[in-house]
1. For Ser393, Ser451, Ser272, Ser387, which order do you get if you count the other beta carbons within 10 Å of each Cβ and list the fewest first?
2. Inverting the mean 1/r over all pairs of different Cα atoms, compute the Kirkwood radius of the chain and quote it in Å.
3. Of the cross-linked pairs Lys250/Lys430; Lys108/Lys188; Lys259/Lys369; Lys13/Lys72, which ones have a Cα-Cα span greater than 24 Å in the structure shown?
4. How big is the equivalent ellipsoid of region 62-196 along its three axes, where each semi-axis is √(5λ) from the Cα gyration tensor, reported in whole Å from largest to smallest?
5. Would you work out which of Ala374, Gly53, Thr177 lies farthest towards the positive end of the dipole of the chain, given +1 charges on the beta-carbon of Lys and Arg and -1 on that of Asp and Glu, about the Cα centre?
6. Under a Cβ-only charge scheme (Lys and Arg +1, Asp and Glu -1), can you give me the dipole magnitude of region 4-238 about the Cα centre, in debye to the nearest 20?
7. What is the diffusion coefficient of region 256-492 in µm²/s, taking the Kirkwood radius over Cα pairs and the Stokes-Einstein relation at 37 °C with a viscosity of 0.692 mPa s?
8. If we count other beta carbons within 10 Å of each Cβ, what is the order of Ile417, Ile207, fewest first?
Amino acid sequence: MSDVILQMKGITKNYGGVRALDNVDFDLHRSEILCLLGENGAGKTTLIKILSGVEQPTKGEIIFEGKKIQLKNPSIAHSAGFSTVYQEMVQFPDMTIAENIFIGRYPKKAGLIDFNELNGVTEKLMDDLNIHFDPQTKIRRLSIAQRQLVEILKALSYDSKVVIFDEPTSSLTPEETSLLFDTIIKLKEQNISVIYISHRLEDVFAIGDRALILRDGANSGGGMIDELTNDDIVSMMVGRVIENRFPKRKTVIGNDILKVENICNKRVKSASFTLRKGEVLGFGGLVGAGRSELMRAVIGVDKSTGNIYLENEKIHNRSPREAIARGFAAVPENRKDEGLILKLSTLINMQISSIRRFLNRFGFINKLKERKVAAEYIEKLAIKVTSYHQRVSNLSGGNQQKVVFARGLITEPKILILDEPTRGIDVGSKTEIYEIMNKLTEQGVSIIMVSSELPELMNMSDRIIVMREGSIVGEIYPEEATEEKIIKMATEGVSA
C-alpha cells in the first residue's frame, strides 16, 4: 500500500451535550479508495464535514502530507486539496451547469465573466469524464441523477488530492454508476485518494480497497475489502448479525383498492395499473422512466388526464391535501426539496400532514397527544434525535428520511406511496423499514414502492411493474423475476 497522505487522530466532536464523534482515528493512503461505513448517525457525515472545513473538531488533530493542518473553512479545505460531493446537493436551479460548477471562480475578461471561456472549460471537464451536457443548461431542467453528476464535476474541477464521495450512486442508473466507478479509478490512477461513503455494500465491494467502520461515533473496525465479507461489515456497523435482510410477511392480499386508468401528462404516457388491499406493488425502471411522475399525478401534485378509482369510487385528487384526506400518503424521493421543511423542528415536520388529528374541540393543538404520537414513531423508526425540537436540518440524511416516513404513517393511510424509501438508509435501518412495511400490509395498508434497488424490488414486492420512457412496459411476479429480466424490460421494453 502506498504512503499515508492523511491522518486524523483522536477526533472528537460535541454538539452541546451530544457527542457525535468520540476519539476517532482515521488514516488514508495515497491512491487509495477508502470506504467509510456505518449506520445513519454513526458519525460519517460529521467526520467528512470536519475534513471539508464545514465543522471544527472539539479536539484531535489532522495531519495532511506530514504536516498538521487546521481546516477552518471550506475555502481552506479546497486550497489544501480536499473536495466533497455531498449526498444532499446545494445547487442554484436558475443558474447553468457551468455557473454551478465554477461558482465563485469564474474566468473574467475586462472585469466581466468570460462565458465563452467558462463554457469551454466546462466542456473540457465533461469530455475528460465522458459526460455530455450542454454547459448552458439550467440546473432545474436536470433530473436528480444528472444533478448528482454535476456535483461530481464540480468536485473534480478543483485541483484535488483527496476527493470525498458521500452516497454518490444513490440516484444513479447502472450505466451512470459504471461511469462514476470508471471516473474514480481514473482518479486513483492519477494518485488522487478517494474517501467513499455508501450504504450500498455492492458498491463497496465493487470499488473499494479498504474499509473503515464507525458505530455510535467511534471506531468499530475495518480491513482490506478483499478480506471482508458482507456479514463482517454489517456486524461491525450494527453490532449484531442481521439474519434476514428482507423479512418475510404473512399478508393475505385482498381485492383491488385502487384502479388507475390511462394517466397521461407531459411525462407519463397512458399508464394503467391496479393495487390490491395489503399488497406491495413495486415499480421498477431506470431513473427518468416516469415512475415518480406517475405517482405525483396519482396524488395530485402534477396535472394529468385519466381516471382513478378508490374502492370502486371515481375520485380526482386535485392536490396532495385532497389525496391525504382520502387516505393517501407519500414519501417522496427528494426529501430535501419535497419532503421536509429544513428550518423547522423534527416534531413539526412529523405532524404537518396530520395537524387536524391533534386539534382539540376548541381548535388548539393537544400538545400531550402530539408529543405522545411523535415519541411512538421516533421509537418505531429508531430516529436518532436529541429532542422533538431539534431542527430537522441537523439530522443525518437517513434520519431525515425516517422523519418523512413517519409523517406519512401518522396520517394512518390506506395507500402508502414510497418513492425510493431506503435511499441513503443504512442496512440495519433498511431492515427496520421493511419490517414496518410488513406490519402495515398485515394491517391492510396497500403500498406502492418505487425503487431502483433491484434486490429490494424483487424481495419486497408482490408484483413488479416496469416503466420505460413514461410508459408501463410490463408486469412480472418476483418468483419469475431476475435482475437481467427487469433491466431488459427497463431498457428495451421487452422481457428477457
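Every number in this text was worked out from the coordinates using simple rules, so none of it is lab data. As the structure is a prediction and not an experimental result, all values here were calculated from the model. Using ideal geometry, Cβ is built from the backbone for each residue, glycine included, and neighbour counts are taken over all protein chains shown.
1. Ser387, Ser272, Ser393, Ser451
2. Result for the chain, one decimal place: 24.0 Å.
3. Values: Lys250/Lys430 19 Å; Lys108/Lys188 32 Å; Lys259/Lys369 35 Å; Lys13/Lys72 14 Å.
Beyond 24 Å between Cα atoms: Lys108/Lys188; Lys259/Lys369.
4. Those come to 23, 20, 14 Å.
5. Going by the charge dipole, the pick is Ala374.
6. That gives a dipole near 1020 debye.
7. 180 µm²/s
8. The fewest-first ordering by Cβ neighbours comes to Ile207, Ile417.
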